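**Student:** Pasting a structure below so you can have a look.
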Amino acid sequence: MTTATTSGHRAASPAPGYGFGAVALMEWRKLRTVRSTWWMVAIFAVAMIGLAIVALSHEGYRQLSAADRAAFDPTHDCFIGLVLGQLLVGALGVLVMTTEFSSGMIRATFAAVPRRPVVLAAKAAVLGAVTLAAGEACAFAAFAAGQASLAASAPHATLGQPGVLRAVVMAGAYPALVALIGLGTGALVRHTAGAICAVVGVLFVLPLLLAPFSASVQDASQNFLPHPMANAMTAVKPLAHALSPWLIFALLCAYAAAALAAGAWALTARDT
Amino acid sequence: MTGRRRSETVVGMTMIEARGLVKAYRSTKAVDNLSFEVRPGAVTGFLGPNGAGKSTTMRMIMGLDRPDAGQVRIGGRRYGDLRWPLREVGALLEAKAFHPGRTARAHLMSLAASNGIGRRRVEEMLALTGIEKAADRRAGKFSLGMSQRLGIAAALLGDPGVLLLDEPVNGLDPEGIRWIRNLMRGLAAQGRSVLVSSHLISEMAYTADALIVIGRGRLLAQTTVAQLSAHGATLKPGGSLEEAFFQLTEGVTDYSGGLS
Ligand SMILES: Nc1ncnc2c1ncn2[C@@H]1O[C@H](COP(=O)(O)OP(=O)(O)OP(=O)(O)O)[C@@H](O)[C@H]1O
Ligand SMILES: [Mg+2]
């Protein structure tokens with residue numbers, strides 16, 4: 001009978017009383033009540049908007065060569081702040097996990113919610129929502145501030161032009177994906193310094209190290225390393241040898257999913 | 001104050017049963033084939049010298065560390081299978097299990113959210129543990145005794161039928177020590193299972209009814225305070241509980257002081 005099967009199944013692995021919403025509420029309260037969260041979001045906003053103004057007000061479109069004028073992309077250039085901004089949200093993602101290990105809070109958390117992947121999923125949902133909201137708000141603000149700072153003689157971008165809205169929305173989504181990669185890395189590495197080094201290494205140092213190499217290496221890095229991928233994704237004038245923005249976006253989502261899966265595995269497999 | 005709704009229902013339900021627990025860290029066997037029971041309605045003292053394996057055992061009860069062998073059940077279930085973990089088991093495992101930048105109230109409110117516990121209960125626990133005046137200060141600035149009180153507030157948050165306290169008197173002032181002794185006795189009298197670790201047998205004389213004594217990860221005795229002090233009296237005239245305890249743990253104390 002159905003009732004017998006159901007109760008038999010329950011005895012093997014009973015459903016917990018707490019739901020995902022309750023765990024997400026715990027994680028939201030944790031994220032909200034630590035000052036560094038808001039400091040990092042504030043600095044992220046300053047970097048995104050401030051650097052857009054600096055970059056576009058110094059564009060000097062008049063002095064550009066004809067080739068540079070043809071390549072000039074007033075949308076893409078608004079998101080120069082992602083170079084710094086990605087490091088801030090990446091670090092935020094790391095800290096959400098590693099401060100629990102360094103403080104001992106992780107034991108209180110896992111005592112309250114022993115299903116560890118649920119804890120990581122709740123952290124990912126809350127962190128992802130906050131960084132997506134901050135990322136989109138800052139991307140649109142950076143775009144608006146950038147266009148306003150651009151010399152009158154230079155071509156301006158508007159959201160109605162083909163590809164512009166897509167580029168702005170993707171610039172706003174990129175920070176959330178980086179934050180999730182940071183979160184997964186934090187769950188895998190556990191130590192703040194080590195996890196931040198890993199994230200900064202992949203986001204910032206690796207592209208610099210590859211810079212002197214040949215064009216084919218450049219093309220690969222543009223399609224497979226997060227920050228060069230963000231560059232390609234936020235361009236309105238397609239970069240040479242770049243995959244389509246949507247394909248790059250899907251690939252970045254896969255990176256974030258892989259980092260979270262690795263983190264969930266590490267949380268479950270190891271003692272605390 | 002704690003456990004109005006608990007006392008009638010819980011008796012006989014929430015017992016801790018450990019069977020053949022083994023846990024090794026590289027070369028050291030922290031816990032070695034350990035079996036014991038913790039019964040409701042009593043304070044059970046968990047005794048052993050430094051490094052005996054008390055904290056490791058408590059982490060295994062909580063499902064935080066996975067045993068290499070053996071199992072532990074709370075009311076017949078694994079910790080991970082509890083429906084509302086905080087409402088069934090409360091634990092104080094280490095003095096500072098909180099983010100130093102978060103306030104005491106925010107810490108408790110976040111834990112409470114996960115198990116559907118309301119704000120009123122949080123306020124009650126802040127008052128019960130005497131940290132309400134410091135509730136909006138960052139917990140990282142707390143003294144050891146205040147951190148310990150915050151840990152106890154977190155342990156009692158869900159009004160649980162089982163309590164695991166790892167050296168709760170650590171850092172408490174004399175008034176605080178008396179308070180926690182009475183608290184533990186009161187919780188046990190309501191029918192809860194209370195397991196409290198200590199290296200001090202004299203401390204247990206004030207609070208515990210039952211005793212589990214371990215050394216180098218092995219069970220040395222599952223007994224009662226009364227039985228152990230009766231045994232102490234047979235060792236030599238005027239012999240004490242302490243005498244009997246030292247006799248038990250002789251030879252399994254890894255870290256003893258010396259003059260050389
Ligand atoms: N995470 C760990 N990694 C390596 N060794 C560990 C770990 N945790 C505990 N140990 C070792 O296991 C043994 C038991 O330690 P445990 O902390 O359980 O003892 P204890 O009885 O709580 O001691 P104390 O009274 O000092 O708190 C010790 O030898 C300790 O060094
Ligand atoms: Mg210990």
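**Student:** Two decimals is fine: what's Rg over Rh for the stretch B:96-157, C-alpha atoms, Kirkwood radius as Rh? Could the numbers behind the result be given before it?
**Tutor:** Working: Rg = 10.1 Å, Rh = 11.1 Å.
In the stretch B:96-157, Rg relative to Rh is 0.91.
**Student:** Would you pull out the residues with amide H under 5 Å of residue B:65's amide H, same chain only if 5 or more places away, H placed 1.01 Å from N?
**Tutor:** Close amide H contacts, sequence-distant or interchain: A:272, B:60.
**Student:** While we're here: Report, in deg cm²/dmol and to the nearest 500, the calculated mean residue ellipticity at 222 nm for chain B, where each DSSP H run with n ≥ 4 adds -39500 (n - 2.57) and the sum is divided by the residue count.
**Tutor:** After summing the helix terms and dividing by the residues of chain B, the value is -10000 deg cm²/dmol.
**Student:** Which whole-Hz couplings ³J(HN,Hα) result when phi for each residue of the stretch A:87-100 is put into the Karplus expression 6.51 cos²θ - 1.76 cosθ + 1.60, θ = phi - 60°, listed in order with x for Gly and Pro?
**Tutor:** Along the stretch A:87-100, the couplings run 5, 5, 6, x, 5, 4, x, 4, 5, 3, 8, 6, 5, 5 Hz.
**Student:** Specify the residue with the greatest mean-square fluctuation among B:165, B:21, B:156, computed from a Gaussian network of chain B linking alpha-carbon atoms under 10 Å apart.
**Tutor:** For chain B, modelled as a Gaussian network with Cα springs under 10 Å, the answer is B:21.
**Student:** Residue by residue, what Karplus-based ³J(HN,Hα) values in Hz, rounded to whole numbers, does the stretch A:22-33 have, using 6.51, -1.76 and 1.60 with θ = phi - 60° and x for Gly and Pro?
**Tutor:** Result, ordered by residue: 5, 5, 5, 5, 4, 5, 5, 5, 5, 5, 6, 9 Hz.
**Student:** Name the residues of the stretch B:109-132 whose accessible area falls by at least 40 Å² when all protein chains are present instead of the chain alone, probe 1.4 Å?
**Tutor:** The answer is B:110, B:111, B:113, B:114 - residues whose exposure falls by at least 40 Å² when every protein chain is included.
**Student:** Continuing with the same structure: What Kirkwood hydrodynamic radius do you get for chain A when you take the inverse of the mean 1/r over all pairs of distinct Cα atoms, in Å? Numbers along the way, then the final one.
**Tutor:** Details: mean 1/r = 0.0498 Å⁻¹.
Taking every pair of different Cα atoms in chain A, averaging 1/r and inverting gives 20.1 Å.
**Student:** Could you run the numbers on buried accessible area between B and A, total for both chains, 1.4 angstrom probe, in Å² to the nearest 100?
**Tutor:** Looking at B and A, the buried total is near 2700 Å².
**Student:** A further question follows. Straight-line reach from residue B:29: which aspartates and glutamates fall under 17 Å, measuring Cα to Cα and dropping same-chain residues less than 8 apart?
**Tutor:** Candidates past the 8-residue exclusion: A:271, B:65, B:68, B:254.
**Student:** Right, here's the next one. What residue among B:85, B:40, B:174 shows peak mean-square fluctuation when chain B is described by a Gaussian network model with Cα springs under 10 Å?
**Tutor:** Largest GNM mean-square fluctuation: B:174.
**Student:** Is there a quick way to get the dipole size of the protein assembly as shown? I mean about its Cα centre, with the Cβ of Lys and Arg at +1 and of Asp and Glu at -1; what is the value in debye to the nearest 20? Present the calculation step by step, with values, prior to reporting the outcome.
**Tutor:** Details: 49 positive and 33 negative charges, 184 e Å.
The calculation lands at about 880 debye.
**Student:** What residue among B:143, B:198, B:35 shows peak mean-square fluctuation when chain B is described by a Gaussian network model with Cα springs under 10 Å?
**Tutor:** B:143
**Student:** Determine ³J(HN,Hα), in whole Hz, for all residues of the stretch A:193-201 in sequence, where each value follows from phi through the Karplus function 6.51 cos²θ - 1.76 cosθ + 1.60 and θ = phi - 60°; x replaces Gly and Pro.
**Tutor:** 4, x, 5, 5, 4, 4, 5, 5, x
**Student:** Among the listed pairs A:123/B:141; B:96/B:133; B:23/B:133; B:23/B:96; A:30/A:237, which are separated by more than 30 Å between their Cα atoms? Spell out each step's value before the answer.
**Tutor:** Values: A:123/B:141 26 Å; B:96/B:133 19 Å; B:23/B:133 41 Å; B:23/B:96 24 Å; A:30/A:237 42 Å.
The answer is B:23/B:133; A:30/A:237.
**Student:** For the stretch B:47-68, list residues with backbone N below 18 Å from a point placed 7 Å from the Cα of residue B:25 toward its Cβ?
**Tutor:** Answer for this model: B:48-68.
**Student:** How big is the Rg/Rh ratio for the protein assembly as shown, C-alpha atoms only, Rh by Kirkwood, two decimals?
**Tutor:** 1.10
**Student:** Continuing with this model, one more query. Grab every C-alpha pair in chain B, bin the distances at 5 angstrom width from 0 up to the longest one, and report whole percents.
**Tutor:** 1, 6, 13, 17, 18, 17, 13, 8, 4, 2, 1, 0
**Student:** Could you work out [θ]222 nm for chain A from helices alone, using -39500 (n - 2.57) per DSSP H run of at least four and dividing by all its residues? Round to the nearest 500 deg cm²/dmol.
**Tutor:** My calculation for chain A gives -24000 deg cm²/dmol from helical runs alone.
**Student:** Let me ask something additional. Distance from the Cα centre of the stretch B:164-231 to that of the stretch A:68-120, in angstrom?
**Tutor:** 44
**Student:** While we're on this one: Quick one: pull the percent of accessible area on the protein assembly as shown belonging to carbon and sulfur, 1.4 Å probe, ligands and nucleic acids left out. Don't skip to the end; give the middle numbers.
**Tutor:** Values: 14260 of 22920 Å².
The value for the protein assembly as shown is 62 percent carbon and sulfur by accessible area.
**Student:** Return the tail of the calculated pair distribution for the stretch A:118-272, meaning the percent of Cα-Cα pairs more than 20 Å apart.
**Tutor:** Looking at the stretch A:118-272, the distances longer than 20 Å represent 56 percent of pairs.
**Student:** Further, regarding this structure: Which of rounded, prolate, oblate describes the stretch A:205-266, given a ≥ b ≥ c as roots of the alpha-carbon gyration tensor eigenvalues and a/c under 1.5 marking rounded, otherwise prolate only if a/b is larger than b/c?
**Tutor:** Taking the square roots of the gyration eigenvalues as a ≥ b ≥ c, the stretch A:205-266 is oblate.
**Student:** Suppose R0 equals 22 Å. What FRET efficiency, 1/(1 + (r/R0)^6) with r the Cβ-Cβ distance, do residue A:141 and residue A:83 give to the nearest 0.05?
**Tutor:** Here the calculated transfer efficiency is 0.80.
**Student:** Keeping every protein chain present and rolling a 1.4 Å probe, give me the accessible area per residue for the protein assembly as shown in Å².
**Tutor:** 43
The values are calculated or read from the model by the stated rules, or taken from the named source; none is laboratory data. Remember, it's a predicted structure, so these values are computed and weren't measured experimentally. Cβ atoms come from the backbone with ideal geometry, glycine included; neighbour counts cover every protein chain shown. To get the accessible areas, we keep the full protein, side chains included, count just its heavy atoms, and leave off ligands, DNA and RNA. Shrake-Rupley method; radii C 1.70, N 1.55, O 1.52, S 1.80 Å.
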